[in-house]
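Notes follow once the structure below has been shown.
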Amino acid sequence: MLHVAGFLGGAAWPVVVLMLCLQLGPVQASVDPSQGSAPAAGCLCASDILSCTALGLDRVPRDLPASAATLDLSHNWIGELKAGSFEGLTRLETLRLAQNQLTTIEPGAFRNSSGTLLRHLDLSSNQLQALKQHYFQELPGLEELLLFNNRIVHVEGTALVGLVNLHKAYLSHNRLTDFPFFTIQKHSHPHLSMLDLSSNRLPKLPLEDITNLPLAVQEGLYLHNNSLVCECSMYGLFRFWERRGFAPVRFFRQEHVCLVYGIQRGTVRFFLHSRYFEKCNMTAMNGLLEEQYPRSVSVRAGEALTLHCVTPLTGRSATFFWVSPNTEYVAPPGNNGSLKMFTNGSLEIVAAREQDSGIYLCMAQDLERKETWEVNVTVVLQHDGEDHEPFNTGFTTLLGCVVSLVLVLMYLYLTPCRCPPCPKAQPAATATASHGNEVGTSSAQSSILTPTPPTTTEGPGRKVSTNKHVVFLEPIKEQQNGKLRAGLPLGAEQPQRARDTDSFVSVFSDTPITLP
């Protein structure tokens, strides 16, 4: 007996289960008097696998072994799944119903079955015409769903909502004209990595919903062999996926087609014939992609970060390079090791440092045009195990500007008293009088708007006194050659075209600005 017990406790236990299944004989299909007699089911049992394929069954047999973990009912004539069809199969993990005549799945069809344990469900090659809300409510543990080669024309918005563990969904070779992409979110389907919608009848793609999909879903979204209308936005999306190296585009380049407007049955393989989209403006598409690839990111010190160059340019003729915050030119394969760059335009910061913070500018160009993309990187420093807030240069600059503007407005409009009369200048300054004749009206305006009297320089090449205040002058319309032009700061010469940054600093600088 000890030897037998040891034998049963070893690797021969599945063999004993197989012997018991064979002693039980073939499983018989239940007979419902109201439905007539059902054919006998000669199912085969091996360990926890129960195979009832190609037996001419028109319904799911009853009284199936409760120990079954895999049930194969494919290649039969089952037309509907009634409530409680799999009742008692509490260990079921894989259910195959392919190659049947399924048209209906009643509410509660999977009730009292394994529920969370069922991971693989094959309903392919049937006659289903829609996916309804109640079909998969009792299957929250489902990981793989096969629905290809049916007649599905509509998917209800909540049909896939409860499948929180879904990894792969195959709906190719159906008759879909739309799909509820908006129901696929990171929190609702955190594990979804493949959604096959190829060989359907989708005419247009909701680009905003698709670009909002998690990146893992976009990398596994198959849309080839559909009835897409040739549009610039559609073309820009697929070109972007091509440059990112997504598998659906990489493996099915020739199967991506679209219909040319105004030509019956005129299809274009747009990856092979891109000349139809030479005049497309990809600006709108870039706006949608910015939500998926933000322009401002943060990374902890010491960690790696990959920056993507989000532009519509792609192909062999396109070249990419980056400019780092310290104006370092970076091209493939990168610099001395801190920055790596790939041929598709992506830039990797190997180990983020404090000096890596700033704006990274990507420039892409081909034979016809140039595109740019910039990303503001903030490196978060940690000291003594504490997480510190990232230093955001843009925010602090904006805050400083607002504070400076408030102080200037307080000075201009909340002055408690008028300034005392200005003392008369010394009569010896003859040059000043001649200068006043040249300025004319502008000198009069200067005496009115300047809160403090002008002071003379102490010598040639020396700065004027620093006791002046900033003065904001409203635009003054002056007549010049029959045209109106905006007024300049009083006493200033005609300036040359300055950079925006120079004018910005001149207004909000902490150093007082003096007026001549």
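The values are calculated or read from the model by the stated rules, or taken from the named source; none is laboratory data. Everything numeric here is computed off the predicted structure, so don't read it as measured data. When we count neighbours, we look across all protein chains shown, and the Cβ atoms used for this are built from the backbone with ideal geometry, even at glycine. Only protein heavy atoms, including side chains, enter the accessible area calculation; ligands, DNA and RNA are left aside. Shrake-Rupley method; radii C 1.70, N 1.55, O 1.52, S 1.80 Å.
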task: Examine the range 173-191 for a residue that is modelled with pLDDT under 90, open to solvent by 50 Å² or more (accessible area, probe 1.4 Å) and under 30 Å from Thr343 (Cα atoms), and state whether such a residue exists.
output: yes
- line: Residue pairs within 8 Å by beta carbon, gap of at least six or interchain, first lying in the range 130-157 and on the phi < 0 side of the Ramachandran plot, second of a type in the set (Val, Ile, Thr) and open to solvent by less than 10 Å² (accessible area, probe 1.4 Å), listed first then second, are Ala130/Ile152; Ala130/Val155; Leu131/Ile152; Leu131/Val155; Lys132/Ile105; His134/Ile105; Tyr135/Ile105
Whichever residue in the range 340-365 is under 17 Å from Phe321 (Cβ atoms) and either without any contact (Cβ under 8 Å) to a residue 12 or more places away in the chain or among the β-branched types (Val, Ile, Thr) (or both) and, among such residues, is surrounded by the most Cβ atoms within 10 Å (Cβ to Cβ): Ile349
message: Within the range 229-238, take every residue that is surrounded by 16 or more Cβ atoms within 10 Å (Cβ to Cβ) and more than 19 Å from Asn212 (Cβ to Cβ) and give me the one that is modelled with the lowest pLDDT.
response: Cys232
statement: Selection from the range 101-130 of residues in a strand (DSSP E or B) and within 18 Å of Ile78 (Cα to Cα) yields Thr104, Ile105, Leu121, Asp122, Ala130
- request: Restricting attention to the range 214-236, report how many residues are within 17 Å of Tyr170 (Cα to Cα) and not in a helix (DSSP H, G or I).
  value: 7
query: Within the range 65-74, how many residues turn out to be assigned to a loop (DSSP other than H, G, I, E, B) and either among the polar types (S, T, N, Q) or within 14 Å of Gly42 (Cα to Cα) (or both)?
result: 4
field: In the range 323-339, residue nearest to Val375 (Cα to Cα) [restricted to those that are among the hydroxyl-bearing types (Ser, Thr, Tyr) and open to solvent by less than 50 Å² (accessible area, probe 1.4 Å)]
entry: Ser324
query: Is at least one residue of the range 87-102 open to solvent by 60 Å² or more (accessible area, probe 1.4 Å), under 19 Å from Leu163 (Cβ atoms) and of a type in the set (D, E, K, R)?
result: yes
- request: Would you tally the residues in the range 218-228 being open to solvent by less than 10 Å² (accessible area, probe 1.4 Å) and within 19 Å of Val268 (Cβ to Cβ)?
  value: 2
- prompt: Hey, among the residues in the range 201-217 that are under 16 Å from the mean Cα position of the chain (by Cα) and free of Cβ contacts under 8 Å to residues at least 60 places away in the same chain, which one's surrounded by the most Cβ atoms within 10 Å (Cβ to Cβ)?
  reply: Leu205
- prompt: Limited to the range 26-63, what total is found for residues that are open to solvent by 30 Å² or more (accessible area, probe 1.4 Å), assigned to a loop (DSSP other than H, G, I, E, B) and at pLDDT 90 or above?
  reply: 7
- line: The number of residues in the range 68-104 that are over 17 Å from Thr116 (Cα atoms), over 39 Å from the mean Cα position of the chain (by Cα) and of a type in the set (A, V, I, L, M) is 3
- prompt: Does the range 1-24 contain at least one residue that is of a type outside the set (Val, Ile, Thr), at pLDDT below 90 and open to solvent by less than 30 Å² (accessible area, probe 1.4 Å)?
  reply: yes
query: If we scan the range 121-140, do we find a residue that is modelled with pLDDT under 95, open to solvent by 10 Å² or more (accessible area, probe 1.4 Å) and under 21 Å from Ser193 (Cβ atoms)?
result: yes
- request: Just one of (1) under 20 Å from Leu171 (Cα atoms); (2) of a type in the set (A, V, I, L, M, F, W, C); (3) part of a loop (DSSP other than H, G, I, E, B); (4) at pLDDT 95 or above trips up Leu95, so point out which.
  value: (3)
